[in-house]
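Each reported figure results from applying straightforward, stated rules to the coordinates on display, with no laboratory input. Quick caveat, the model's predicted, so the values are computed rather than measured. Counting neighbours? That spans all protein chains shown, and the Cβs are built from the backbone with ideal geometry, glycine included.
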Amino acid sequence: MTETKLIVFVKQPEIGKVKTRLAKDIGDKKALEVYKKLLQKTADIIEESQWPTFVYYKDQVGKNDYFSFPWVIKKTQSNGDLGKKMLDAFVEVKEETEANKIIIIGSDCYDLSLQHLEKASKKLDDSDVVIGPSNDGGYYLLGLKSINDELFSGIEWSTPEVLDKTIEKCKSLGLKIDFIEQLIDIDTLEDLNSINQGSL
């Protein structure tokens, strides 16, 4: 099978454990409500797409939750930093499916839509790597045709340098990169206020 496979990284929606930076400004309860809405939005995209999807939970796998669709396989993230977790997920999905295109997203981006995933998948036809940059210097989407360990090592994750470092690594490896539009990862009150009013 050569269709695009989707990896989604999520956390269990537990108070005090999600959106901790945002919670400093709006409190744990409201931060949890925001995260639940982000999870629902992500689930809506998965339902609309019906792409073969692998949802990786940070801790325990969710049962009868937002992602309980017949075509979704649920797994637990590996140990290590974010780079190691993503690399392990890419490798696992590649080995299990032999997919020639794999896209990973998180659940922090309210404006993400199926159209972004479709655009990224199409761009992978002519590129090795497709990136959806986020407003904080990282990325909300990464699409790969083949997996290179270098893209996931030597990067200080959750910093404003993640995107630049990733681009630098792609260039040094001779990989052809393409991009889709920048979106907002909702991590702070400023991020929350900058998306459409009333959305969350």
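Listing for the model above:
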read-out: Full-extension gain in nm, Glu181 to Ser158, via 0.36 nm per residue minus C-alpha separation; value: 6.3 nm
read-out: The chain: angle of helix 82-97 to the longest principal axis, Cα-based, in degrees nearest 10; value: 60 degrees
read-out: Of Thr20, Thr53, Thr159, the one that fluctuates the most in a GNM where the chain has Cα springs shorter than 10 Å; value: Thr159
read-out: Trypsin sites (Lys or Arg not before Pro) lying in DSSP loop within the range 56-87, provided at most 13 other Cβ fall within 10 Å; value: Lys58, Lys63
read-out: Over 20 Å between alpha carbons, listed pairs Lys11/Lys101; Lys101/Lys176; Lys5/Lys165; Lys24/Lys63; value: Lys11/Lys101; Lys5/Lys165; Lys24/Lys63
read-out: Part-to-part distance (alpha-carbon centres) for the range 1-36 and the range 144-200, which is given in Å; value: 17 Å
read-out: Gained length - Lys58 relative to Asp25, 0.36 nm times residue gap less alpha-carbon distance; value: 9.5 nm
read-out: Dimensionless Rg/Rh of the range 110-170 - Kirkwood Rh, Rg from C-alpha atoms; value: 0.97
read-out: Convex hull (Cα only) mean projected area of the chain, reported in nm² to one decimal; value: 10.5 nm²
read-out: Between 0 and 90°, nearest 10: helix 28-49 axis offset from the chain longest Cα axis; value: 40 degrees
read-out: Within a Gaussian network of the chain (alpha carbon springs, distance under 10 Å), most fluctuating of Asn135, Asn64, Asn100; value: Asn64
